[in-house]
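The values are calculated or read from the model by the stated rules, or taken from the named source; none is laboratory data. Since the model is a prediction, treat every value here as computed from it, not as a measurement. Using ideal geometry, Cβ is built from the backbone for each residue, glycine included, and neighbour counts are taken over all protein chains shown. Note: accessible area is taken over every heavy atom of the protein model, side chains too, but ligands, DNA and RNA are not part of it. Shrake-Rupley method; radii C 1.70, N 1.55, O 1.52, S 1.80 Å.
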Amino acid sequence: MAGKPKLHYFNGRGRMESIRWLLASAGVEFEEKFIETPEDLDKLKNDGNLMFQQVPMVEIDGMKMVQTRAILNYVATKYNLYGKDIKERALIDMYTEGMADLNEMILVLPLCPPDQKEAKIAQIKEKVTDRYLPVFEKALRDHGQDFLVGNQLSWADIQLLEVILMAEECKPSVLTGFPLLQEFKARISCIPTIHKFLQLGSQRKPPLDEGSIETVKNIFKFERG
Ligand code: GTS
C-alpha cells in the first residue's frame, strides 16, 4: 500500500496551502517536510527531486510531483473531487482558476513593501466584492444546489471556502450582502474532514508573520511586490 503523501514546502501557506486543503478535505493524511533554510532547498534541487528547481513538490503514488495546478488536478481526480464529466470539469477549472488569481493576490500581500500595502489591500477588497464573490453568489443561486458544480462536493467548493476565509482575514465583513455564500460557508465548514482541518492544531497554516516572512525571503531570495 502506498504511504502517505509527503509535502515539501516552507512552513506557511504559499502555493502549498490549497494542496493541503484538498488533501485534508479528501480525508487523506499527509506528512510535511519543511524547507527551513536555503540549504534545504539546495539539497532538494541538487538531489534531482525538483523538475523545474521549484517547490511545491509532493511525493505521491511513487511520483515526485511539481507544479501546483498539476498536483491539485491529480489529487482532485484521484479523490473524485473533479466533477462527473468533461463539462463539470471545465466549470470547476474556470471557478478554481478565478479563485487562484484571487488567492495569489492575497497570498503575496505579506511580502509586499510596506508603502504599497494599503493600496494593495484596497485593491483586493474591491476585487473580492465586485468581481469574484458576485460570480459565486450567482452560481449558487442559478444552480440551486448545495455545491457549486453538480450536486456533490468538488475541488471548487473546497477552494472557495479557503478563499472566503482568507478574504475575511483582510475584511471580516466580506460576506455581507452575499447571503448564499454565508450559508455555503457554514455548510461546507461542517463537512467532517473540513471541520477537522479548521480546528486549531491541524496542518492548516496561519497567515505569514514577520518572522516567517524573513525566512521565506531568505530561502527563496526574493522580494515580491
Ligand atoms: N508554477 C510553479 C507552481 O505553481 O508550482 C511555480 C513554483 C514557484 O515559483 N515556486 C517558488 C520556488 O520554488 C517558491 S513559492 O513562490 O511557491 O514560494 N522558487 C525557487 C526557484 O528557484 O525558483
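Structure notes:
- Answer from Leu91, Leu133, Leu109 - the residue that is over 14 Å from the mean Cα position of the chain (by Cα), open to solvent by 40 Å² or more (accessible area, probe 1.4 Å) and in contact (Cβ under 8 Å) with a residue 24 or more places away in the chain: Leu91
- Residues in the range 11-28 include none that are in contact with a Lys or Arg (Cβ under 6 Å, 6 or more places away or on another chain), open to solvent by 60 Å² or more (accessible area, probe 1.4 Å) and over 25 Å from Ser154 (Cα atoms).
- Filter pass, Lys125 being open to solvent by 50 Å² or more (accessible area, probe 1.4 Å), closer than 21 Å to Ser18 by Cα and at pLDDT 95 or above: no
- Taking the range 137-225 as the region of interest, the helices (runs of 4 or more DSSP H) fully inside it that hold 1 or more residues being open to solvent by less than 20 Å² (accessible area, probe 1.4 Å) and either more than 16 Å from the ligand (Cβ to nearest atom) or in contact with a strand residue (DSSP E or B) (Cβ under 7 Å, 6 or more places away or on another chain) (or both) are 155-170, 179-189, 192-197.
- Residues in the range 50-77 that are buried (at least 20 other Cβ atoms within 10 Å of the Cβ), of a type outside the set (Val, Ile, Thr) and away from the ligand (no atom under 14 Å from the Cβ): Ala76 only.
- Test: residue in the range 78-92 that is within 16 Å of the ligand (Cβ to nearest atom) and out of contact with any Lys or Arg (no Cβ under 9 Å at 6 or more places or on another chain): no
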